[in-house]
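Some notes on the structure that comes next.
Read-outs: derived from the displayed coordinates by stated rules, not from any lab. As the structure is a prediction and not an experimental result, all values here were calculated from the model. In this analysis, Cβ positions are derived from the backbone assuming ideal geometry, glycine residues included, and neighbour counts consider all displayed protein chains.
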Amino acid sequence: LGLLYQEYRDKSTRQEIETRRLQDSQTDPEESSPSEETPSEAEPTSITESKAPPQISLLRNSNSRFNLWQDLPEIRSSGVLSILQPDEIKLQEAMFELVTSEASYYKSLNLLVSHFMENERLKKILHQSEAHILFSNVLDVMAVSERFLLDLEQRVEENIVISDVCDIVYQHTVNHFSVYITYVSNQTYQERAYKQLLQDKPAFREVISQLELDPKCKGLSFSSFLILPFQRITRLKLLVQNILKKVEEKSDRENTALDAHKELETVVKACNEGVRKMSRTEQMISIQKKLEFKIKSVPIISHSRWLLKQGELQQMNGPKTSRTLRTKKLFREIYLFLFNDLLVICRQIPGDKYQVFDSAPRGLLRVEELEDQGQSLANVFILRLLENADDREASYMLKASSQSEMKRWMISLAPNRRTKFVSFTSRLVDCPQIQCVHPYVAQQPDELSLELADILNILDKTDDGWIFGERLHDQERGWFPSSMGEEILNPKIRAQNLKECFRVHKSDDSQRRKLGSRNRQ
């Protein structure tokens, strides 16, 4: 393929966005999508039995452009497009994209190794330990990608109509993809080492800049190559999801796709957990050093604890009868550290330290919004500790700097509190949805990083431009600016998105039901 993976991925996701925009603008989306009631009855493997399958040279032609399966000369000349049902053609495209994107990904990995890692000038500058942290086990990752691609190529060349690819995905995920967990778990060290080398070694900075200017890199940065494995393993799961949405229901291909998706999801979760574990441990140690306890000390560092949100709020002093008094003196600053299982309430003291004066388990927190209280009490809410550090109930009237900040605190403090719009996991028939059209990197622990073409259910929104959403493909939740996406207005498209999501996670739901049944017994 002529495109590097970064270009391929960007082009593919933007094409996905445009397709959804077109569907959303139509009054009847069924005109542009296959009918659910008329699945393909054609058996793809039997169509070309009487013909010798022509060789598909796309994968070996480095000058090939970004192509669809149906645009290949071999496919057009075979007459197969007039035989296959529209549903089957869309499935062929989905499987073909998985193959061609792997070829593009392998090309980019090869460039990372040959152009950067094996550069003689760079080798002389970097100490062996620095090179190891920077490139980790990328050679193992590339070897795994090569084996995977060879098996995919072989399948494509067996017949111009691809029988399946998810069985190959399943086998390689189970047997080889653990190398991705090793690589991605090193990401925190990798990013830190790269920044340090840019800062401390001018020679390193100079060589990297020169290598990035090479036409081979097509204007892409060195760091965009380093992050490829994490992007690929995540994208691969989405490509399998796309196939799963298009295969015949209750078929062998559906079962194979579900198995492949389940294994990929396990690998992706392990990758995410590897990254989080490293950064969380360091963060907890840093917080522990800043806390001084006015009350009985609570051990902060725990392997099962992590930070969800921290920040300053204004606490209202005095009895509740003083609510109507319009004076800023009613409020004083407090600082909250909210962990997944614990809330710590502090006051900031000199020396970048925090004095803890109250705490409570997160499960014993309740919140209540104050409405129509006038401008001076805008963005104010009540936080109740059902059992605080003194084993008593306590209440705090807290004021946030904005409506979005107030809502973000309320949802973080009491996650089971009902949001404005209910999550799709409650099987709600319709729910506001948004499509990501600009990537977003989370800046706070309660925010959600977004990739292009992500579809999310809107659970809550604020008047100052923030959305609390739940991503359909992995049920991850978090806040993000509303400017990052476009709302999906067509109710039929929203319903179709939910239906596809339920189908993708069908095996997860049945597994949960089995576990629930066992627990009840």
For region 201-321: rounded, prolate or oblate by the Cα gyration tensor [a/c cutoff 1.5]: oblate
Simple label model, 7 Å out from Cα along Cβ direction - ASP214 to SER178, nm: 3.3
Within 10 Å, count the other beta carbons around each residue, average over each peptide in 249-262, 7-20, and list them highest first. 249-262, 7-20
As I understand it, the dipole of region 139-216 uses +1 on the Cβ of Lys and Arg and -1 on the Cβ of Asp and Glu, about the Cα centre. Which of TYR194, ASN159, ALA143 lies farthest toward its positive end? TYR194
With R₀ set to 30 angstrom, the calculated FRET efficiency between the beta-carbons of SER82 and LYS250, to the nearest 0.05, is 0.60
May I ask you to compute the full-extension gain from SER449 to GLU368, defined as 0.36 nm times their residue separation minus their alpha-carbon distance, rounded to one decimal in nm? 26.3 nm
Alpha carbon centroid spacing (whole Å) that separates region 194-270 from region 75-105: 23
Here, GLN171 and GLU206, labelled 7 Å along Cα→Cβ, have an inter-label distance in nm of 5.1
Roughly how many nanometres apart are two label points built 7 Å out from the Cα toward the Cβ at SER114 and SER402? 4.8
Given a Förster distance of 25 Å, report the FRET efficiency between LEU386 and LYS290 from their Cβ-Cβ distance, rounded to the nearest 0.05. 0.40
Just want the answer: with Cβ charges of +1 for Lys and Arg and -1 for Asp and Glu, which residue in ILE458, PRO439, ASN497 is farthest toward the dipole's positive end in region 424-512? ASN497
Enumerate the aspartates and glutamates that LYS11 could reach by cross-link, defined here as Cα to Cα under 16 Å, with residues fewer than 8 away along the same chain left out. GLU93, GLU97, GLU102, GLU451, ASP454
FRET E, pair ALA378, GLU333, Förster distance 25 Å, beta-carbon r, rounded to 0.05: 0.90
